[in-house]
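Q: Input: one structure, supplied below.
Every number here is computed from the coordinates shown, using simple stated rules; none is lab data. A quick note: this is a predicted structure, and the numbers were derived from the prediction, not measured. Quick reminder, even Gly has a Cβ in these numbers, built from the backbone with ideal geometry, and neighbours come from all protein chains shown.
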Amino acid sequence: MAKRVVLAYSGGLDTSVAVRWMGEELGVEVIALAADVGQGGDWDEIKERAKAAGAVEAIVLDLREEYANEYVAPALKANAKYEGKYPLISSLSRPVIVKHLVAAARQFNADAIAHGCTGKGNDQVRFEVSTMALAPDLEVIAPVRGWGLTREQSIEYAERWNIPITVTKSSPYSIDQNLWGRTIECGILEDPWEAPPEDVYELTTPTATDPVELVISFEQGLPVAIDGRRLPLHELIGEVDRIVGSYGWGRIDMVENRRVGIKSREIYECPGALALLMAHADLEDLTLERDLAHEKARLEPRYADLVYDGLWFSPLKQALDAFVDKSQEFVTGDVRLRCELPGRCIVAGRRSEVSLYDYALATYEAADRFRHQDAEGFVRLWGLGVATWAARQVGRASGGE
Ligand code: ARG
């Protein structure tokens, strides 16, 4: 049995109760680790709360840069969207959190890590499979999955132990947020027929008035500047979020297939993620050679599945990262995004020093470099097989056999 546990601590009701509950029921020492992945929050208060709940140690780590550069960046290069839509907001943040849970477990000589996920979701899979990959010797404890407390009972438990919880009964939604976007579940959203009420949205409330254009510059597959202003990735995403979100663009309403076999209705708002993914894919259209582009497109859904399914730390994922990295060598250039009301953001133009778009080949104007006479023979050979097959059909139809 574990003696000392590092808990992925969010500061919310469940993980706060989990600190005390594990201490009382399992007799373990709990180290609470809160990770800042760009969700926002009062970190001093969260630290205090963990201590008040009974944690022997409360740690807050600012992981925003690492999360952006080592987790979001590879996913962006891979155009990773689960089921073609969801840019993997929660799926990407769990592995970086696990990496630091494991590091803290080593530092504090803990023999287990713990998380506050229920048994119905994907996040438990990501926490546990990532731990199995990085530290197979560590035990994983999932108190929320086993304790069978209702929300009311958890609130009661917190009150009984004087755990300072700010329970906002007003929000019926379950939210997960980081710098790549915001996820919203529960409440009325559990009926897939119901339109999401406007109050679920925070990042995509339309406040802009005039159209705007912004130029996103990419270097080897990653965005590095907005309108010529260089920014580190985690800040750049936030900036695009604010601009594009103010046009009410960047919402997803989908029914998705969870790893555990449940279909669930999910609302996402991630204007920055969706705009950057759109711009990146567009620049690839300009700069990737055809076969490479097609093969990459074939692998992208596989990449997204691996991330979604908790296999961030896995051999196939590593191998795909190597392929994707190589493919990005020449994905350098600018993409012009145009935002306008209501709720519109489009790619209005793209350019690159290493573009494969050749005006002299593509133009229909007279002065081109294309050898028209080559086309005749090329097309005849291209269609030769089909022509031979067709001739046989004709022969048969006329009773020639
Ligand atoms: N369905 C999304 C996913 O599996 C979002 C999960 C949100 N997580 C949460 N604990 N609320 O990645």
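Q: In whole angstrom, note down how far apart the Cα centers of the range 77-142 and the range 364-398 are.
A: Value for the Cα centre distance between the two parts: 55 Å.
Q: Non-local amide H neighbours of Ser10 (under 5 Å, H modeled in plane, Pro and chain starts lacking H): which ones?
A: Distant-sequence amide H within range of Ser10: Thr15.
Q: Mean separation of Cα pairs under 8 Å and 6+ residues apart, divided by the residue count of the range 302-401: what relative contact order is that in percent?
A: Rounded, it is 13 percent for the range 302-401.
Q: So what's the net charge close to Ile163: Lys and Arg +1, Asp and Glu -1, counting the other residues with Cβ under 14 Å from its Cβ?
A: Result for the local shell: -1.
Q: Using the C-alpha gyration tensor of the range 132-207, what are the square roots of 5 times its eigenvalues, in whole angstrom, with the largest one first?
A: 29, 21, 14
Q: Taking the alpha-carbon set of the range 295-344, what are its Rg and Dmax in Å?
A: 15.3, 44
Q: Let me ask you something else. Nearest 20 debye, what's the magnitude of the dipole of the range 68-116 about its Cα centre given +1 on Lys and Arg Cβ and -1 on Asp and Glu Cβ?
A: 140 debye
Q: Hey, what's the Cα Rg ratio for the range 201-279 versus the globular rule of thumb, 2.2 N^0.38 Å?
A: Ratio of Rg to 2.2 N^0.38 Å for the range 201-279: 1.27.
Q: Using alpha carbons only, what's the Rg to Rh ratio of the chain with Rh from Kirkwood?
A: Rounded to two decimals, Rg/Rh equals 1.09.
Q: A further question follows. Relative contact order, percent, of the chain when contacts are C-alpha pairs under 8 Å separated by at least 6 residues?
A: Relative contact order for the chain comes out at 17 percent.
Q: Right, another one. Which percentage, to the nearest 5, of the DSSP beta bridges contained in the chain is antiparallel?
A: 70 percent
Q: Calculate the dipole size of the chain relative to its Cα centre from +1 charges on Lys and Arg beta carbons and -1 charges on Asp and Glu beta carbons; express the result in debye to the nearest 20.
A: Computed about the Cα centre, the dipole is about 860 debye.
Q: Also: I need the P(r) histogram for the range 337-401: all alpha carbon pairs, bin width 10 Å from 0 out to the longest distance, whole percents.
A: The calculated distribution, bin by bin, is 15, 20, 20, 19, 17, 8, 1.
Q: Add -39500 (n - 2.57) for each DSSP H run of 4 or more in the chain, then divide by its residues: what number comes out at 222 nm, to the nearest 500 deg cm²/dmol?
A: -12500 deg cm²/dmol
Q: Continuing with the same structure: Distance between the C-alpha centers of the range 260-306 and the range 30-64? Whole Å please.
A: 33 Å
Q: Right, here's the next one. Let me understand the range 199-242 better: what is its radius of gyration from the alpha carbons, and its Dmax, in angstrom?
A: When restricted to Cα atoms, the range 199-242 yields Rg and Dmax of 12.5, 38 Å.
Q: Going Cα to Cα from Lys3, which aspartates and glutamates come in below 18 Å? Please leave out same-chain ones fewer than 8 positions away.
A: Glu24, Glu25, Glu29, Glu57, Asp111, Asp137, Glu139
Q: For the residues Arg371, Arg251, Arg126, what sequence is obtained by ranking on other C-beta atoms within 10 Å, fewest first?
A: Ordered from fewest to most neighbouring Cβ atoms within 10 Å, Arg371, Arg251, Arg126 come out as Arg371, Arg251, Arg126.
Q: If the chain between Cys186 and Trp389 were fully stretched, how many nm would it gain, using 0.36 nm times the residue separation less the Cα-Cα distance?
A: 67.3 nm
Q: Calculate the dipole size of the range 268-357 relative to its Cα centre from +1 charges on Lys and Arg beta carbons and -1 charges on Asp and Glu beta carbons; express the result in debye to the nearest 20.
A: 200 debye
Q: Return the sequence-ordered ³J(HN,Hα) values of the range 331-342 in whole Hz as given by the Karplus equation 6.51 cos²θ - 1.76 cosθ + 1.60 applied to θ = phi - 60°, using x for Gly and Pro.
A: Values, residue by residue: 8, 10, x, 10, 10, 9, 9, 10, 10, 8, 7, x Hz.
Q: A further question follows. What does the charge count around Val215 come to, taking other residues whose C-beta lies under 15 Å from its C-beta (Lys +1, Arg +1, Asp -1, Glu -1)?
A: For residues surrounding Val215, the net value is -1.
Q: Distance cut-off 20 Å, Cα to Cα: go down the list Lys77/Lys296; Lys99/Lys120; Lys51/Lys99; Lys296/Lys317; Lys85/Lys263 and report the pairs above it.
A: Among Lys77/Lys296; Lys99/Lys120; Lys51/Lys99; Lys296/Lys317; Lys85/Lys263, the Cα-Cα distance tops 20 Å for Lys99/Lys120; Lys51/Lys99.
Q: Explain nothing, just the number: relative contact order of the range 1-90, from Cα pairs under 8 Å at least 6 residues apart, as a whole percent.
A: The normalised contact order for the range 1-90 reaches 26 percent.
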